[in-house]
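Written out below as structure tokens is the structure these notes cover.
The values are calculated or read from the model by the stated rules, or taken from the named source; none is laboratory data. Not measured: the values here are computed from a predicted model. Glycine also receives a Cβ, built like all others from the backbone with ideal geometry; neighbour counts cover every protein chain displayed. When the accessible area is computed, the model is the full protein with side chains, heavy atoms only, and any ligands, DNA or RNA have been set aside. Shrake-Rupley method; radii C 1.70, N 1.55, O 1.52, S 1.80 Å.
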Amino acid sequence: MAKAASSLTFSTSLPKLCRPFSISIAQPPQVSLNSKKLSCSISSAFKISRRTVTTTKASSMASSGITTVDQNNRKVVEVFVTEEELAVSLAKYTADLSDKFAKERGSFTVVVSGGSLIKSLRKLVEGPYVDSIDWSKWHVFWVDERVVPKDHPDSNYKLAFDGFLSKVPIPSGNVYAINDALSAEGAADDYETRLKHLVHTGVINKSSVSGFPKFDLMLVGMGPDGHVASLFPGHPLLKENQKWVTHITDSPKPPPGRITFTFPVINSSSYIALVVCGAGKASVVQTALGKSQNSDVFPVQMVSPEGELKWFLDKDAASKL
């Protein structure tokens, strides 16, 4: 949910290249500024006052590689000059988590969405990652899916297969597409049943906090209206707190029939990467990160995992921060 933002400003005796930036985040505990070999960290334990700057344009943030870290809410925000740089960073982030969970658990459960997210994963199918990742440990799921045949242009499975899955050696048995022969309701129930079986067999962890499945990593995008998965603004499914997977037959964005993970499942994740690109999403990003007077609450603001949430933004998406 939206929180009141507080302002963190700094300059003082830091190197000149670190000035003048101002970051506003809810409960700002730490800000890191990375500009090639330059790195400086500022703790919220002190106040700096050489000159005050109340606004930092995203072009300045991105060109300097701004990262903000909210340790209380385990939220990280990174802004990149280009989507290409974003994709490079996202690949390393994913590969590092793949290695971590493969060693710790012997498997790596990954949830993907549709839309532009798949394009942003393209660096994983290039060197060095395509050869260094242990793809046999991957188990791939969808946070939402359109109830259409797998070869249909609207299918999130087809999007992921064409752009990613067909280019890496993940075992076919580890890729969990929906049963597209069923109705939306039937497909949602079937997917939840399969998830429960995988929790029972230990492929998917179970959250000790919520009792819902705990995926290792969710890679998701956000729509221009602030929707995530197939959870749309003002829709009753935003309040669903019992089911793991549910269905929607009146999606405001075609096609109308879909299945989707619910927020309790999304928020039980160990890690969530929220990938947002484009100026058309800048207003929602501004509101979601607490830097707008907009009183609307978007679904993306309800993303609050048990683990870490990391925003990957290009400079256009961050242009109103």
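Touching a helix residue (DSSP H, G or I) at 6+ places or on another chain (Cβ under 8 Å), surrounded by fewer than 23 Cβ atoms within 10 Å (Cβ to Cβ) and not β-branched (Val, Ile, Thr): is that true of PRO236 in this structure? Don't jump to the end; show me each part of the working.
Details: touching a helix residue (DSSP H, G or I) at 6+ places or on another chain (Cβ under 8 Å): no; surrounded by fewer than 23 Cβ atoms within 10 Å (Cβ to Cβ): yes; not β-branched (Val, Ile, Thr): yes.
Answer is no for this residue.
So, in segment 175-198, how many residues would count as being assigned to a helix (DSSP H, G or I) and open to solvent by less than 20 Å² (accessible area, probe 1.4 Å)? Spell out how you get there, then give the answer.
Quick first cut of segment 175-198, residues assigned to a helix (DSSP H, G or I) only: 184-198.
Pick out the ones that are also open to solvent by less than 20 Å² (accessible area, probe 1.4 Å) and you get 184, 187-188, 191, 195, 198.
Final tally of qualifying residues: 6.
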- Message: Based on this model, can you work out whether ALA273 counts as more than 20 Å from ALA177 (Cα to Cα), in a strand (DSSP E or B) and at pLDDT 95 or above?
- Response: yes
- In segment 199-210, is there at least one residue being part of a helix (DSSP H, G or I), open to solvent by 60 Å² or more (accessible area, probe 1.4 Å) and not β-branched (Val, Ile, Thr)? yes
- Task: Tell me, yes or no, whether segment 182-204 has at least one residue that is within 20 Å of the chain's Cα centre (by Cα) and over 27 Å from LEU86 (Cα atoms).
- Result: yes
- Restricted to segment 135-170, and to residues that are part of a helix (DSSP H, G or I) and of a type in the set (S, T, N, Q), which residue is nearest to the chain's Cα centre (by Cα)? ASN156
- Item | Looking only at segment 103-122, and only at residues there that are small (Gly, Ala, Ser) and closer than 15 Å to LEU159 by Cβ, the one that is surrounded by the most Cβ atoms within 10 Å (Cβ to Cβ) | SER113
- Item | Qualifying positions in segment 262-295 - of a type in the set (Lys, Arg) and open to solvent by 40 Å² or more (accessible area, probe 1.4 Å) | LYS291
- Note on the structure: Okay, strands (runs of 3 or more DSSP E) sitting entirely in segment 54-120 with 1 or more residues that are modelled with pLDDT under 95, I get 66-70, 75-80
- Under 6 Å between Cβ atoms, at least 6 apart or on separate chains: pull out the pairs that start in segment 84-102 with a residue that is open to solvent by less than 20 Å² (accessible area, probe 1.4 Å) and end on any residue that is of a type in the set (A, V, I, L, M, F, W, C) and part of a helix (DSSP H, G or I). ALA91/LEU124
- Message: I'd like to know if segment 156-174 contains one or more residues that are under 22 Å from HIS247 (Cα atoms), among the aliphatic types (A, V, I, L, M), at pLDDT 95 or above and open to solvent by 60 Å² or more (accessible area, probe 1.4 Å).
- Response: yes
- Message: Only one of VAL265, VAL297 is part of a loop (DSSP other than H, G, I, E, B) and β-branched (Val, Ile, Thr). Can you tell me which?
- Response: VAL297
- Message: Show the residue pairs meeting these rules: Cβ distance below 8 Å; 6+ apart or different chains; first residue within segment 121-134 and touching a residue at least 12 places away in the same chain (Cβ under 8 Å) and under 11 Å from PHE164 (Cα atoms); second residue open to solvent by 50 Å² or more (accessible area, probe 1.4 Å) and of a type in the set (D, E, K, R).
- Response: VAL125/LYS167; VAL130/LYS167
- Message: Considering only segment 296-314, I want to know if a residue exists there that is more than 16 Å from the chain's Cα centre (by Cα) and buried (at least 19 other Cβ atoms within 10 Å of the Cβ).
- Response: no
